[in-house]
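Nothing in this text is a laboratory measurement; each read-out follows from the coordinates by a stated rule. As the structure is a computational prediction, the values presented were derived from the model and not from experiment. Every residue, glycine among them, receives a Cβ derived from its backbone with ideal geometry; neighbour counts consider all protein chains shown.
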2 protein chains.
Amino acid sequence: MNLPPICEAFVLHFGEMGSRWGINRTVGQIYAVLFVAERPLCADEVVERLGISRSNVSMGLKELQSWNLLRQRQIQGDRREFFTTPDDIYAIVRTLVDERKKREIDPTLSVLRELLMQTPGSDEDKHAQARLREMHELIELLTNWYADVQKLETERLIQLLSLGSKVVKVLELKDRLFTLPGGKAGNLGRVANQNSND
Amino acid sequence: MNLPPICEAFVLHFGEMGSRWGINRTVGQIYAVLFVAERPLCADEVVERLGISRSNVSMGLKELQSWNLLRQRQIQGDRREFFTTPDDIYAIVRTLVDERKKREIDPTLSVLRELLMQTPGSDEDKHAQARLREMHELIELLTNWYADVQKLETERLIQLLSLGSKVVKVLELKDRLFTLPGGKAGNLGRVANQNSND
DNA sequence: CTGTATTTTCAGGAAGTTCTGAAAATTGGA
DNA sequence: TCCAATTTTCAGAACTTCCTGAAAATACAG
């Protein structure tokens, strides 16, 4: 591996992490190299830095492109393609989550829905459906939250995340302010169930 | 595979999903079987349902235990151990996230911190550090959010998630109410940067 | 066109993982 | 203590994934 020490350490770690998720080590390393590089790199530069075969790099780049994780650029009078990761790291994470959702969550939701439509032929299947229903609800809650929050600009998203659970306090405050004395105890639940059509 | 149709379809899908994440197919299937089962099962019952070897089940259960994902129970006058997944699916997800964080995120954060302490010996390494710093900040933002939100009871967590980005609106409202006319434009940023010591 | 630079594909070998049956270890009752 | 039930371990077979070099495809300048 032909990289300065900090880059190398990062690339090795990132490759290791990649291999724990569905992504293979080498693909992880390729991404890491592009992520820390000062400028777009062509395939041969990646080969040189990682010391792996040209064809392996070609396949890795293909894979990363299929995840929408790369930017490509042509340089004047040069036939080679140059690759980078997006500058904005938030954009990278959004893409990553979107793609994983598309490949893993969406198919799971559709399998769950399909299985919940079927008529159970046994007690075991009936009980299974109850469990699957819980799972379906939870996944929907999480994906709806994500779909909603994902629309925010990064700035606002950061604010919201920084706030963490303190949001709940703000809501309690709101409740206290807007619930008339003698009225029903609080409307957190109601607010929580509105859908985003405002 | 010796399971009623809905269970079987779910188990197959779940195994497939497991194998996309670092978990192997069989381990995923074992978890799925326990998840939909009406009662705790012993190892041999899992063998029978999945049609895999006893030793494979034994290793799979070990693996799941190391993730804290199983409840074990003894039945009076029976030497066998019986396994289930927790009833509360939120508890399952919390455990899953906690464990992945412990195994993947925490080590990554510590590698990043270590690399950020080092003195870069080249321009490339200097630029790499800048990128790693962005990554470190983002991961910290996300993990702090999670650490904070994870403390909430499930009920409140559901409220907060259901609300999604509408929280931002509530915050704007709060701003409008508490910012004196003529005072500074808004304190969203200030609120967002407080730390959870209240 | 032709020739060169570059990228992609792919068969098959290397490396890694998962699974099994047999054997060893553990457990608790008699 | 011994024994039978149960669980765990582990060497190697079976399977999967990954990587390479060679060949094919593509792209474009002259």
Legend entry - Among B:Gly51, B:Gly77, B:Gly28, residue whose mean-square fluctuation peaks in a GNM of chain B (springs only between Cα atoms under 10 Å): B:Gly77
Legend entry - Copies compared at B:Arg133 - label distances in nm, ascending, label defined 7 Å from Cα in the Cβ direction: 5.4
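Normalised by the number of residues in segment A:1-82, what is the relative contact order in percent for Cα pairs under 8 Å and 6+ residues apart?
Worked out over segment A:1-82, it gives 26 percent.
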Inset, instruction - Mind pulling the angle between the C-alpha long axis of helix A:89-100 and the longest principal axis of chain A? Nearest 10 degrees, somewhere in 0 to 90. - result: 70 degrees
Legend entry - Over chain B, relative contact order from alpha-carbon pairs under 8 Å, at least 6 apart, %: 11 percent
Legend entry - Degrees separating the helix B:166-178 axis from the principal Cα axis of chain B, which is the longest one: 30 degrees
Legend entry - Long-range HN-HN contacts of B:Arg71 with modeled amide H, under 5 Å: B:Thr84, B:Thr85
Legend entry - Estimated FRET transfer efficiency (B:Thr119, B:Glu140; beta-carbon r; R0 30 Å; 0.05): 0.85
Inset, instruction - Filter the trypsin sites (Lys or Arg not before Pro) in segment A:54-149 to those in DSSP coil with at most 13 other Cβ atoms within 10 Å of their Cβ, and list the result. - result: A:Arg79, A:Arg80
Inset, instruction - Measure off 7 Å from each Cα along the Cα-to-Cβ vector at B:Lys126 and B:Ser53, then give the distance between these two points in nanometres to one decimal. - result: 5.8 nm
Inset, instruction - Sort shortest first the distances from A:Phe178 to its counterpart in every other copy, using label points 7 Å along the Cα-to-beta-carbon line, and give them in nm. - result: 1.6
Legend entry - Stretch in chain B that is longest and holds no GluC sites (Glu not before Pro) that DSSP places in a loop and that have at most 13 other beta carbons within 10 Å: B:39-152
Inset, instruction - Please identify, among A:Val167, A:Val36, A:Val149, the residue showing maximal mean-square fluctuation in a Gaussian network model of chain A using a 10 angstrom Cα cutoff. - result: A:Val167
Legend entry - Overall form of the protein assembly as shown per C-alpha gyration tensor (a/c, 1.5; a/b vs b/c): oblate
Inset, instruction - Grab every C-alpha pair in segment B:89-182, bin the distances at 10 angstrom width from 0 up to the longest one, and report whole percents. - result: 13, 29, 25, 21, 11, 0
Legend entry - Partner lysines for B:Lys101 [C-alpha distance under 24 Å; skip if fewer than 8 residues away on the same chain]: A:Lys101, A:Lys102, A:Lys166, B:Lys62, B:Lys151
Inset, instruction - Quick one: what are the phi-derived ³J(HN,Hα) couplings along segment A:67-83, Karplus 6.51/-1.76/1.60 with θ = phi - 60°, whole Hz, x for glycine and proline? - result: 8, 6, 9, 10, 9, 10, 9, 8, 10, 2, x, 10, 7, 6, 9, 10, 10
Legend entry - segment A:145-175: trypsin sites (Lys or Arg not before Pro) in DSSP coil with no more than 15 other Cβ atoms inside 10 Å: A:Lys151
Legend entry - Distance in nm between pseudo-label sites at B:Asp175 and B:Arg103 (7 Å out along the Cβ direction from Cα): 4.2 nm
Inset, instruction - Calculate for chain A the 222 nm mean residue ellipticity that helices alone would give, adding -39,500 (n - 2.57) per DSSP H run of length 4 or more and normalising by residue count, nearest 500 deg cm²/dmol. - result: -20500 deg cm²/dmol
Inset, instruction - Return the tail of the calculated pair distribution for segment B:33-118, meaning the percent of Cα-Cα pairs more than 15 Å apart. - result: 66 percent
Legend entry - At 7 Å out from Cα toward Cβ: B:Gly121 inter-copy label distances (nm, ascending): 6.7
Inset, instruction - Largest first and in whole Å, give the semi-axes of chain B's equivalent ellipsoid, each being the square root of 5 times a Cα gyration tensor eigenvalue. - result: 44, 26, 15
